1. For the chain, which whole-number percentage of the solvent-accessible area (1.4 Å probe, protein heavy atoms only) is attributable to carbon and sulfur atoms?
2. Taking H placed 1.01 Å from N in the peptide plane, check which residues at least 5 places from Phe35 or on another chain put their amide H under 5 Å from its amide H.
3. Got the relative contact order for the stretch 288-346 handy, in percent, Cα pairs under 8 Å and 6 or more residues apart?
4. Per 5 Å bin from zero, what fraction in whole % of the C-alpha pairs of the stretch 105-263 is there, up to the bin with the longest pair?
5. May I ask you to rank Leu202, Leu137 by accessible area, largest first, using a 1.4 Å probe over the protein chains only?
6. Counting only the heavy atoms of the protein chains, how much of Tyr133 is accessible to a 1.4 Å probe, in Å² to the nearest 10?
7. Simple spin-label model, 7 Å along Cα-to-Cβ: Asp364 to Arg98 in nm?
8. Expressed in nm to one decimal, what extension gain is obtained for the pair Gln263 and Ser91 from 0.36 nm per residue of sequence separation less their Cα-Cα distance?
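The values are calculated or read from the model by the stated rules, or taken from the named source; none is laboratory data. Keep in mind that this is a model prediction, so the values were computed, not measured. Don't worry about glycine lacking a Cβ; one is built from the backbone with ideal geometry, like all the others, and counts go over all protein chains shown. Surface areas here come from the heavy atoms of the whole protein model, side chains and all, with no ligands, DNA or RNA. Shrake-Rupley method; radii C 1.70, N 1.55, O 1.52, S 1.80 Å.
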Amino acid sequence: MIRLPAPDGGTREYTPRTQPLAVSGGGALVSRTVFSAAHVVADPYADTTPDSPAAVDWDATLAFRRHLWSHGLGVAEAMDTAQRGMGLDWSGAAELIRRSAAEAKAVGGLIACGVGTDQLTGPTDLAGVRKAYEEQLALVEETGSQAILMASRALAATATGPEDYLDLYGHLLRQASEPVILHWLGPMFDPALAGYWGSADLDTATETFLDVIAAHPDKVDGIKVSLLDAGREVALRRRLPEGVRCYTGDDFHYPELIAGDDQGFSHALLGIFDPLAPLAADAVRTLDTGDVEGFRATLDPTVALSRHLFRTPTRFYKTGVVLLAWLAGHQDHFTMVGGLQSARSLPHLARAYELADGLGLFPDPALAEARMRSLLTVYGVPQ
């Protein structure tokens with residue numbers, strides 16, 4: 001038994017699993033292209049503050065990426081899961097991109113990297129935003145990685161309407177040497193991105209987004225949509241030009257969106273696949289055989305955990321992701337860059353442990369239990 005916080009302020013008993021869920025493993029995924037956005041591992045020995053540049057444990061960070069590649073997943077690097085703009089600045093992100101790209105080449109792993117404007121630290125204009133994007137795009141392309149054009153806080157603050165988005169993205173797409181992934185991150189993930197594409201009305205914003213793609217379909221490999229609205233994603237997916245893929249970023253509805261319907265399906269670029277990697281890859285291999293029911297039977301039970309980790313304020317989902325990486329033995333501590341381990345309450349973390357344990361996600365349930373006990377003890381929960 002382990003004592004977990006109860007809703008009434010007391011404690012309750014929980015009996016952990018004794019065996020992890022068995023997964024088959026295997027080779028490359030065939031029917032879907034699947035990226036996991038990956039977290040970074042902080043250096044717990046660094047003498048830093050939340051305002052300091054990120055101190056990263058590079059060995060553990062790259063080891064986690066090898067774990068993702070070993071299951072057949074691609075790595076979406078230096079995205080919001082890696083705490084871009086929430087503890088990881090551009091200098092740290094650039095180093096992360098360089099190191100991960102080199103590691104991907106060494107192991108033959110699929111990688112795509114985030115291109116943004118987070119080196120801008122103060123007010124700017126559209127020319128400044130464009131220059132920042134260009135700097136990051138050049139670095140990602142130099143590493144041989146695919147580029148993901150991320151939504152920009154600076155552009156959201158500077159643009160005066162849809163025309164500014166059309167002009168700037170058109171310029172970047174013409175400049176890109178290879179097709180990129182366009183990323184639409186909703187304000188639930190980052191409030192500073194409200195009104196992206198030039199309008200707070202999602203229907204109007206969608207039209208601008210589609211106009212950008214329609215003008216340069218040869219330079220858009222796909223789009224990543226993170227609006228947590230399955231119906232809107234499906235409607236958008238059906239309007240994409242032929243050859244442009246939809247990568248779901250919907251951490252609430254991913255099983256149904258990846259499974260698809262008679263008119264198409266979504267590929268995936270998901271933060272939740274960071275903790276779900278072995279199980280998610282196993283599910284997609286089942287889908288590769290045409291067994292949609294088996295795919296859903298494997299992945300549907302994980303949605304409760306994902307909805308819990310991504311509950312509002314959604315941007316703090318990274319805390320639960322890193323907790324689970326620690327409990328699963330992928331890192332030796334529960335410390336995050338920017339001190340973000342404090343962003344979720346103990347009851348939230350305890351429920352994340354319980355849900356993940358119930359799914360059999362921990363390769364060593366006894367280790368996960370021991371580590372969870374140590375965290376509970378620090379918080380004063382008697383064991």
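1. On the way: 7630 of 15160 Å².
Result for the chain: 50 percent of the exposed heavy-atom area is carbon or sulfur.
2. Result for Phe35 returns Gly74, Ala268, Leu269, Leu270.
3. Answer for the stretch 288-346 is 24 percent.
4. 1, 9, 18, 22, 22, 15, 8, 3, 1, 0
5. Ranked from most to least accessible, the order is Leu202, Leu137.
6. That residue has around 0 Å² of solvent-accessible surface.
7. Computed distance between label sites Asp364 and Arg98 equals 3.4 nm.
8. 57.7 nm
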